[in-house]
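Have a look at the structure below before the remarks.
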Amino acid sequence: MATFSEDYFEAKIVDNFYVRPMIRRSWAAQIEVLEEIDKVCKRHNIKYFAEWGTLLGAVRHQGFVPWDDDLDIGMLRDDYVRFLHYAKEEFPENLSIINVYNYGGFTELLTRVVNSWSVNITPEFMEKYHGCPYAIGVDIFISDYIPRDKDDEMVQSQLLIATDGLAKNWVEEKYTDEEKQETLNALLEVTGFTLKPDMPIPQQLYQWADEISGMYGADESDEITILALMATQPWYRLPKSCYESFIEMPFENITIPVPVGYEQILKLRYGENYMTPIKRWDTHKYPYFTEQEDLLKSLFEEQGLEVPAIYDMMYKEPMERYMGLQYHGNLDNQNVNSLGFEKMELRMEDLAAYQESGATWTPEGIVIKAQMLLDVGVLQVCNVAKALHARYIVIDTREFLDAEALDEALTAEIEYFRWAEISVYLENGYVTTYDGEIIRSPYSDPTWLYETVEAYNMLCGRLCFGICFNVGHANVLNVNLRSFVEGIMSRLRLVHMNDNDGIHDDHQMPYTFTVGRGTLATDIYRVIGALIRADYQGGIVFDVNGLWEKAPVNMQKSLLELLKSLGPEWEYYFGLKERLGQRDKKIMLFGTGAMAYNYMCNWAEEYPPYCMIDNNKDNWGKEFFGVPILSPDSILEIPEEERNVFICNMYYAQIATQLKGMGVAYEYYNDNYFM
């Protein structure tokens with residue numbers, strides 16, 4: 001059993017990244033698994049070496065990359081085959097070997113050695129794995145030889161891509177049954193493989209892909225690669241000489257072998273500046289045991305117990321989609337309460353009015369201007385939010401330029417945010433010149449916003465910081481709203497929805513302003529469309545304080561009802577993917593015009609239509625982008641439970657009446673969201 005000093009498991013900040021204690025315990029647990037792998041390899045003279053982030057960590061950090069949470073090693077094909085042969089006989093009972101040969105649900109061309117199949121809090125397990133209760137493992141990647149003969153290389157590559165691609169699409173059902181069988185028959189004919197009747201076909205395909213990867217040996221090759229990358233990274237190939245020998249490098253409290261050509265390997269993978277830390281979590285959810293944390297928590301909750309401090313639980317922000325309203329001091333709380341908005345938001349300048357009004361709702365979040373936050377103090381504002389039971393704080397950056405001061409104030413309280421049950425959202429802003437022109441600030445740039453909150457999250461060690469996208473603030477700067485949303489989507493936590501004329505920051509109700517012949521001044525449709533595509537989970541809060549500053553009190557209830565009505569409209573389209581994705585139903589699009597074309601461009605690949613429906617009999621029997629055009633009566637030939645009819649035409653009302661007369665249920669597709 002590996003030994004670690006007591007302070008090894010303490011939280012540390014490395015390269016401006018907070019490494020929490022449980023991450024360090026999971027590192028130690030993975031080293032325990034590696035030690036068992038090492039025993040088998042040494043016993044049988046099998047070579048292995050650090051791979052991927054583990055290789056980078058060994059060279060750059062003499063241990064794990066601070067923001068990496070898994071351990072990867074590699075083996076050349078011959079060593080890999082021998083390792084599997086001996087490991088299954090010699091591993092201790094608690095270690096399991098997972099690959100495409102022994103686990104039907106596994107879809108990766110590698111082997112994973114795991115210490116458990118689930119959370120384990122028995123004393124024996126906790127002692128052996130240094131207080132880490134989670135199932136952890138070590139991934140073993142296979143390095144294979146690229147044939148020297150270019151024709152052989154092309155054949156191997158095409159076979160591998162076809163086999164691996166068919167396996168993936170078999171599971172995802174992207175091929176028709178006929179296409180699957182046709183491709184499978186071609187592979188059987190070319191390779192000579194035979195089907196096993198008692199094994200799922202996708203599992204056999206992955207096994208074939210593994211066999212194809214190992215077709216060639218060292219004497220037939222000058223280069224090495226990880227053939228699982230062939231389809232997406234054909235450029236990834238290295239001279240055999242990189243793996244001719246291995247050297248030991250320090251890694252945490254052990255040493256680990258690295259290929260003699262590690263410099264060339266790292267430059268190919270991570271670029272010439274691989275020694276410069278770049279913090280990213282691109283390959284999987286960080287930390288890897290996030291989902292297991294929920295299981296661990298439930299185990300204790302079932303016993304009516306709190307999770308002990310050793311498990312190092314961090315607050316996770318609950319993510320759900322909802323429609324909310326930002327409170328204004330002029331609003332009558334009786335009107336607000338009667339309409340029952342899901343969530344309410346409170347501006348700090350309205351705090352006194354809120355407290356005096358006797359409101360019965362609890363703020364979901366508070367909004368504070370950046371300069372006020374600095375004047376009052378970050379912790380003091382957090383304490384106000386906590387007293388109000390608010391879940392988040394939005395920093396309004398309008399008319400604010402001192403990014404350095406705000407950065408210092410937030411960074412100084414990072415330790416608080418690591419554990420506090422509150423999140424902080426930076427809102428996009430602007431500044432106004434002396435002559436009244438609205439211009440951009442650093443907080444107007446989606447890339448800058450993204451990188452800023454990402455830096456805070458890295459320092460915090462969890463996703464505590466996010467972005468609040470204010471539609472109106474971006475619109476007065478004449479930016480592409482959809483592109484802005486897409487650029488920040490992975491860190492977007494809240495949307496402040498309001499409208500303006502593109503010149504003044506009016507904070508009015510959505511769909512208020514138009515230009516020209518009814519064109520919306522604010523491209524709200526495409527904003528919602530971008531959120532729909534990304535399956536956005538977060539709040540959409542109506543920030544329409546310009547409306548409440550001008551509207552008579554006796555109109556408030558009607559205006560609130562109008563705002564409330566937007567929720568069901570947008571939520572209907574958030575459910576579009578779910579309605580289209582009913583695999584037991586046939587998508588039938590009523591229409592063959594511009595709206596149908598829009599559907600084909602945006603959704604046909606993922607949700608291919610069964611047929612098009614058209615009232616123009618001259619089109620019956622023709623095709624629309626390869627899809628047959630049928631008469632309306634053809635709908636009735638499909639059993640009712642198999643129909644998924646979408647009106648895809650600007651003459652919605654007329655077609656809806658027609659379908660109702662036929663007794664046909666239908667949905668509606670609006671291309672405005674997906675232009």
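The values are calculated or read from the model by the stated rules, or taken from the named source; none is laboratory data. Values in this document were obtained by computation on a predicted structure and should not be read as measured data. So basically every Cβ, Gly included, is an ideal-geometry build from the backbone, and we count neighbours across all protein chains shown. These accessible areas exclude ligands, DNA and RNA; they are computed on the full protein's heavy atoms, side chains included. Shrake-Rupley method; radii C 1.70, N 1.55, O 1.52, S 1.80 Å.
Considering only Q654, I368, H85, whose Cα is most displaced toward the positive end of the charge dipole of the chain, charges sitting on Cβ of Lys, Arg (+1) and Asp, Glu (-1)?
Final value for the positive-end residue is Q654.
Quick one: dipole size for the chain, taken about the Cα centre, charges +1 on Lys/Arg Cβ and -1 on Asp/Glu Cβ, in debye to the nearest 20. Walk me through the numbers before you get to the answer.
Values: 57 positive and 106 negative charges, 144 e Å.
The dipole magnitude comes to about 700 debye.
Among N470, I142, Y129, which residue has its Cα furthest toward the positive end of the charge dipole of the chain, with +1 on Lys/Arg Cβ and -1 on Asp/Glu Cβ?
N470
Counting only protein heavy atoms and a 1.4 Å probe, tell me what percentage of the chain's accessible area is made up of carbon and sulfur.
Of all accessible area on the chain, carbon and sulfur atoms account for 50 percent.
Give me D for region 495-563 in µm² s⁻¹, whole number, from Stokes-Einstein with Rh from the Kirkwood sum over alpha-carbon pairs, 20 °C and 1.002 mPa s. Don't skip to the answer; put the middle values down first.
On the way: Rh = 13.1 Å.
Reported coefficient: 163 µm²/s.
Would you rank Y134, Y416, Y434 by solvent-accessible area, highest first, keeping every protein chain in place and using a 1.4 Å probe?
Details: Y134 0, Y416 70, Y434 240 Å².
Accessible-area ranking of Y134, Y416, Y434, largest first: Y434, Y416, Y134.
Suppose only helical runs count, i.e. DSSP H with n ≥ 4. What mean residue ellipticity at 222 nm does that imply for the chain under -39500 (n - 2.57) per run, divided by all residues and rounded to the nearest 500 deg cm²/dmol? Each step should come with its number before you reach the end.
Details: 24 runs with 260 residues, N = 675.
It lands at -11500 deg cm²/dmol.
Against the 2.2 N^0.38 Å scaling, with N counting residues, where does region 262-407 land? I'd like the Cα-based Rg ratio to two decimal places.
On the way: Rg = 21.9 Å, N = 146, 2.2 N^0.38 = 14.6 Å.
Here the answer is 1.50, to two decimals.
Mind jotting down a quarter of the surface of the convex hull over the alpha carbons of region 329-387, in square nanometres, one decimal?
Working: hull surface 16.7 nm².
Here the figure is 4.2 nm², rounded to one decimal.
Hey, could you grab the Kirkwood Rh for region 1-132? Inverse mean 1/r over distinct alpha carbon pairs, Å, one decimal. Intermediate results must be reported in sequence, preceding the final value.
Working: mean 1/r = 0.0623 Å⁻¹.
Taking the inverse mean of 1/r over all distinct Cα pairs, region 1-132 comes out at 16.1 Å.
Could you give the length gained on full extension between E272 and H85, defined as 0.36 nm per residue of separation minus the Cα-Cα distance, in nm?
Between E272 and H85, full extension yields an extra 63.5 nm.
Measure up K39/K88; K128/K297; K297/K577; K150/K196; K586/K660 against 23 Å on the Cα-Cα distance and list the ones that go over.
Numbers: K39/K88 13 Å; K128/K297 21 Å; K297/K577 32 Å; K150/K196 32 Å; K586/K660 19 Å.
Correct reply: K297/K577; K150/K196.
Take the alpha carbon atoms of region 583-629, find their radius of gyration, then divide it by 2.2 N^0.38 Å using N residues; give the quotient. Intermediate results must be reported in sequence, preceding the final value.
On the way: Rg = 10.2 Å, N = 47, 2.2 N^0.38 = 9.5 Å.
Here the Cα radius of gyration is 1.07 times the empirical estimate.
Using the per-residue mean of other Cβ atoms lying within 10 Å as a proxy for protection, in what order, highest first, do the peptides 584-595, 516-527 fall? Walk me through the numbers on the way to the answer.
Numbers: 584-595: 19.8, 516-527: 16.2.
Those peptides, ordered most packed to least, come out 584-595, 516-527.
Which whole-number value in Å² is the accessible area per residue of region 488-552, probe 1.4 Å?
Working: 2380 Å² over 65 residues.
Ligands and nucleic acids excluded, the result is 37 Å² per residue.
Which of Y668, Y236, G63 sits closest to the plus end of the dipole of the chain, meaning its Cα is farthest towards the positive end, when Lys and Arg get +1 and Asp and Glu get -1 on the C-beta?
Selected residue: Y668.
Taking only the Cα atoms of region 434-540, how large is their convex hull per residue, in Å³? Numbers along the way, then the final one.
Working: hull volume 11.0 nm³, N = 107.
That works out to 103 Å³ per residue.
Long-range amide H contacts for D396: which residues qualify at under 5 Å (H placed 1.01 Å from N, peptide plane, sequence gap of 5 or more or a different chain)?
Long-range HN contacts for D396: I368, K369, A370.
If R₀ is 60 angstrom, what is the calculated FRET efficiency for the pair E642 and I439, using the beta carbon separation as r and rounding to 0.05? Let's see the in-between values first.
Numbers: r = 56 Å, r/R0 = 0.94.
Once rounded, the FRET efficiency stands at 0.60.
How large is ³J(HN,Hα), in whole Hz, for each residue of region 50-66 in order, when computed from phi with the Karplus curve 6.51 cos²θ - 1.76 cosθ + 1.60 and θ = phi - 60°, using x for Gly and Pro?
5, 10, 6, x, 5, 5, 4, x, 4, 6, 8, 10, 6, x, 5, 4, x
Between region 621-643 and region 332-409, what is the C-alpha centre distance in whole Å?
Cα centroid to Cα centroid, the span is 54 Å.
Mind putting a number on the dipole of region 262-387 about its Cα centre? Charges go on the C-beta only, +1 for Lys and Arg and -1 for Asp and Glu, and I need it in Debye to the nearest 20.
Details: 12 positive and 20 negative charges, 102 e Å.
The dipole of region 262-387 has a size of about 480 debye.
Given +1 on the Cβ of Lys and Arg, -1 on the Cβ of Asp and Glu, and no further charges, what dipole in debye does region 78-204 carry about its Cα centre, rounded to the nearest 20? Before the final figure, lay out the partial values.
Working: 10 positive and 23 negative charges, 66 e Å.
Charge dipole, region 78-204, about its Cα centre: 320 debye, nearest 20.
Cα convex hull of region 556-675: how many Å³ per residue?
Numbers: hull volume 14.4 nm³, N = 120.
Each residue corresponds to 120 Å³ of Cα convex hull volume.
Given H placed 1.01 Å from N in the peptide plane, which residues other than close sequence neighbours of G539 have an amide H under 5 Å from its amide H?
Those qualifying (amide H under 5 Å, at least 5 residues apart or on another chain) are Y322, V495.
Using the Kirkwood radius over C-alpha pairs as Rh, can you work out the diffusion coefficient of region 499-633 via Stokes-Einstein at 4 °C, viscosity 1.567 mPa s, in µm² per second? All intermediate terms of the calculation are to be shown ahead of the outcome.
On the way: Rh = 18.0 Å.
Translational D for this selection: 72 µm²/s.
With Cα Rg over 2.2 N^0.38 Å as the read-out, I listed (1) 1.26; (2) 1.13; (3) 1.04; which label goes with the value calculated from this structure?
It is the value labelled (2).
Using the heavy atoms of the protein chains and a 1.4 angstrom probe, tell me the accessible area per residue for region 27-141 in square angstrom.
Working: 4200 Å² over 115 residues.
Roughly 37 Å² per residue, with all protein chains present.
Under 5 Å between amide hydrogens, which residues at least 5 positions from T514 or on another chain qualify, with H placed 1.01 Å from N in the peptide plane?
So T514 has HN proximity to A521.
Listed highest first by mean packing, meaning other Cβ atoms within 10 Å per residue, what order do 641-653, 331-343 come in?
Working: 641-653: 17.9, 331-343: 16.1.
Per-residue mean Cβ counts within 10 Å order the peptides as 641-653, 331-343.
How about region 23-123: which chymotrypsin sites (Phe, Trp or Tyr not before Pro) there lie in a loop by DSSP and see at most 14 other Cβ atoms within 10 Å? Don't jump to the answer; show the numbers that get you there.
On the way: sites: W27, Y48, F49, W52, F64, W67, Y80, F83, Y86, Y101, Y103, F106, W117; in loops: Y48, F64, W67, Y101, Y103, F106, W117.
For chymotrypsin sites (Phe, Trp or Tyr not before Pro) across region 23-123 that sit outside H, G, I, E and B with at most 14 neighbouring Cβ atoms in 10 Å, the list reads Y101, Y103, W117.
Over the Cα atoms of region 76-209, each weighted equally, I'd like the Debye log10 I(q)/I(0) at q = 0.11, 0.15, 0.19, 0.20 Å⁻¹, rounded to two decimals.
Results for region 76-209 at q = 0.11, 0.15, 0.19, 0.20 Å⁻¹ read -0.54, -0.88, -1.16, -1.22.
Given a cut-off of under 8 Å on Cα pairs at least six residues apart, what relative contact order in percent is computed for region 132-208?
Values: 30 pairs, mean separation 24.9, N = 77.
Relative CO of region 132-208 lands at 32 percent.
Arrange the peptides 184-190, 247-253 so that the one whose residues have, on average, the most other Cβ atoms within 10 Å appears first. Please list the in-between numbers first.
On the way: 184-190: 13.3, 247-253: 15.9.
Averaged packing, sorted descending, gives the order 247-253, 184-190.
Placing one identical point scatterer on every Cα of region 208-278 and ignoring solvent, what is log10 I(q)/I(0) from the Debye formula at q = 0.18, 0.25, 0.26 Å⁻¹?
With no solvent term, the Cα-only Debye profile gives -0.89, -1.21, -1.23.
Excluding ligands, DNA and RNA, what is the solvent-accessible area per residue of region 343-414 at a probe of 1.4 Å, expressed in Å²? Working shown, then result.
Working: 3240 Å² over 72 residues.
It amounts to 45 Å² per residue over region 343-414.
Longer than 22 Å from Cα to Cα, which of K240/K267; K12/K42; K343/K564 are they? Say none if no pair is.
Numbers: K240/K267 16 Å; K12/K42 33 Å; K343/K564 12 Å.
Exceeds cut-off: K12/K42.
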